[in-house]
1. Please give the per residue accessible area of segment 242-284, computed with a probe of 1.4 Å over protein heavy atoms only, in Å².
2. Based only on Cα atoms, what mean projected area does the convex hull of the chain have, in nm²?
3. In the chain, what percent of the accessible surface is made up of carbon and sulfur (1.4 Å probe, ligands and nucleic acids excluded)?
4. So who's got an amide H within less than 5 Å of the one on Tyr623, skipping anything under 5 residues away but keeping other chains? H placed 1.01 Å off N, in plane.
5. Given the rule -39500 (n - 2.57) for each run of at least 4 DSSP H residues, summed and divided by the residues of the chain, what is its mean residue ellipticity at 222 nm, to the nearest 500 deg cm²/dmol?
6. Given the C-alpha centroids of segment 481-497 and segment 25-86, what is the distance between them in whole angstrom?
7. Compute the accessible area per residue over segment 1-155, keeping the other protein chains in place, probe 1.4 Å, unit Å².
8. Using a Förster distance of 60 Å, how high is the FRET efficiency between Asp202 and Lys442, based on the Cβ-Cβ distance and rounded to 0.05?
Amino acid sequence: MRVLITGGYGFIGSSVAERFYKEGHKIYILDDLSTGRKENISFSHKAWILDIADRKCEEIFKANPFDVVIHLAAQVEVGKSFEDPVHDAKQNIIGLMNMLELSSKYNVSKFLFASSAAVYGDHPQLPIPEEAPLSPQSPYGLNKLAGEYYTEKWNELFGLDTLVLRFSNVYGPGQSAKGESGVISCFLNNIMKDKPLTVYGDGTQTRDFIYVSDVAEAIYRSVLSNIQGIFNLSSKTKTSVNELIATIQTFTDIKEVSYLSEKQGDIKDSCLDHSKLTEEIDWVPKYTIEAGMKNTFDWYRERKEESDPWKEQVPSRLFLSLKRSQYFPFLENLFVFALFSSLSQFLSQTVTHINPMLVYIFIIGMLLGKSQAFIAVLLATFHLITMNLSNGRELVSIFTDYGLLFQFAILLLVGLVSGYVMDRRRVREEALLDDLDELKEKYQFLESIHHDTKQNHDRLQQQIFQTEDSVGKVFEVISSLDSLESVEVISGAVKAVEKLMNVDKVALYHVNESQQFLRLAGKSGGKSFEVPRSISVMSHPLHKEIISKKKVLMNHDWENEASVMAAPVISGEKVIAVIELHEPRFDSLTLHYENLFTVISRLISSALSRGYEYETATYSQRYIRGSRILKPDVFKKMIQKREHMKEEMNIPFSLLEIPWVPELKQVIEKISSQLRDTDFLGSDEEGKLFILLSNSTEMEVDVVVERLKRQDIEVEKVNDKGIHQYV
Ligand code: NAD
């Protein structure tokens, strides 16, 4: 199965992904990494870093035919939902809607929505069954409830197979301290950092904690089952916060526990009844709180040990954080100032026509922009004043010296111009870099979509080549028409049409010389499929039109209970047969289907024409000279083929023996004149003469016998035993 897990890099999502991966399913992840981490998944999978509400998600669904969507991506913090309810609604409602819409549009077979115990609110009856009244106490719970309604409605309105699981408080390795049941990860985080534990309330509040592997197992089983609707997914066990602390104390020391007042939206007790799910998917949680807590604690401890080497890198990290700080440009500025001020003292004695402070301001402006250039001007002015003061000048005289004031003005101008030029360049560069990043992101996204589309294209092509739907099928069809015997072509034609057009009810009628009657020549086997043995063209508008228009036609009026589609088989300019398709699937009646039918009818036309031409060309080898009597070997083969058609297509035939009479020649001529195009005269090795009546019921045979009798021609029906001598 192709399983898309939204929020697959998250705490629960990564466990669910692993569960499906272990069973050999293909894992696809859609996550914006707002709280998830790529490192949560270490096995092979395909991922897109994208918001679930983003329109671009459609490209992903278009390129990847997912079988199942497990929707876990969400804003998961109850507290945040109070701070920013609009953001919560955007993630938890609009994002969900986008996923529902795309899942139904792209024919996903199952959609699972992760809801929460938060939809029940504070409930007196514990454990809470699914039918209990719903009263969410936070925007988070309210939006989860709205999500349930949307999910159910998508099932009702668009037929998407949906399932809602209301999780109680999930905990386990890899959980962030922010989520719904963050209390366990919060406690363990604090313990690892030797910090005290904080309890909101008196610690007697209870929760239904369920271990993450139990959740992943239940999701796995529910997806494979055919359950629909809403189910609680919980441990059905109440554990108080104080009990949690006591459990932790069994494997580690706790520094201190402080109790604060309750948080807004917190409920007192919570415990969900999971009996309905147990009954449906034969699942119960495996982990007790002690076992689950021990695993989680071990995971935290291992991670702490692994993260210790970071300490060695502290100096370089200090430098990095300093570099990122806003004071770093100022420090750079001061450093360059110090360099140039000492340089200016040295240069003042040697080079007098270059003002080092001007160079300093110019460099700072070009490197660090307008604001640092302005600081550089202040520093350079200060430097010039102190230089003048140290040379014994009065402060007042400095500000009345036009030459010096002019120098200050020049410094300011250089600083502003260089800083302004630099800032402009930087703004432009940043805009270009932003554009570049955006383009890079778009390119990567499109490249991944292109890659997926190509993979799917290759897979489908591979499937087409491997299934009998293509080359194999066409080869089979052409082989079944590859005969010079018209009878064989007819039986092959029926099979070819069945195969290529995907129907099991096909009839092929011969059109007689006068184009007035159709006589059944071949049809699909099976006694349940009965069609008229002969049809009068005049009384059948569809066939009349086919014979005159010589093209595939559809029985749009659904009249004549008979065929829905029929095609002419043409030889030269004449319609020599008509193929009927009965009861093709309604949704397959497309232009492509009609074209396919035209193509196969042309193939049959050419195969039948070739057969007739061959039969005409070999007339002298097939018939006894000067007569319409088939030679014994040809006649024997013909009977064998009719027998074969009788077995395969349930088309009966009969053999009538013509006893020897002195005026045999006249008798044969009389009989010949009354035979249909599909009937034959033939002889056996001993010289006995027979009439072969194709596709005739017992009653029709009796009519023929009676008719001949009236003309003084006695014929005898050959029984099955007699016929079998030929076969
Ligand atoms: P989590 O924060 O670990 O996982 C959520 C994942 O979704 C993260 O990887 C995050 O990056 C991703 N995500 C969030 N918003 C997204 C967006 N707009 N587009 C794409 N990805 C986005 O949380 P979790 O505990 O694993 O919860 C998973 C689901 O289970 C959530 O729907 C949550 O409401 C539900 N739930 C969890 C608990 C629990 O106790 N953990 C209880 C009840 C219900």
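1. On the way: 2660 Å² over 43 residues.
Counting only protein heavy atoms, the per-residue value for segment 242-284 is 62 Å².
2. Values: hull surface 228.9 nm².
Projected area, direction-averaged: 57.2 nm².
3. Numbers: 21480 of 38720 Å².
Heavy-atom surface of the chain belonging to carbon and sulfur, 1.4 Å probe: 55 percent.
4. Lys631
5. Details: 26 runs with 372 residues, N = 727.
Result for the chain: -16500 deg cm²/dmol, rounded to the nearest 500.
6. First find each Cα centre; the distance between them is then 56 Å.
7. On the way: 6310 Å² over 155 residues.
So segment 1-155 comes to 41 Å² accessible per residue, rounded to a whole number.
8. Numbers: r = 54 Å, r/R0 = 0.90.
Approximately 0.65, to the nearest 0.05.
The values are calculated or read from the model by the stated rules, or taken from the named source; none is laboratory data. All values derive from a computational prediction rather than experimental measurement. Don't worry about glycine lacking a Cβ; one is built from the backbone with ideal geometry, like all the others, and counts go over all protein chains shown. What goes into the accessible areas is simple: the full protein's heavy atoms, side chains included, and nothing from ligands, DNA or RNA. Shrake-Rupley method; radii C 1.70, N 1.55, O 1.52, S 1.80 Å.
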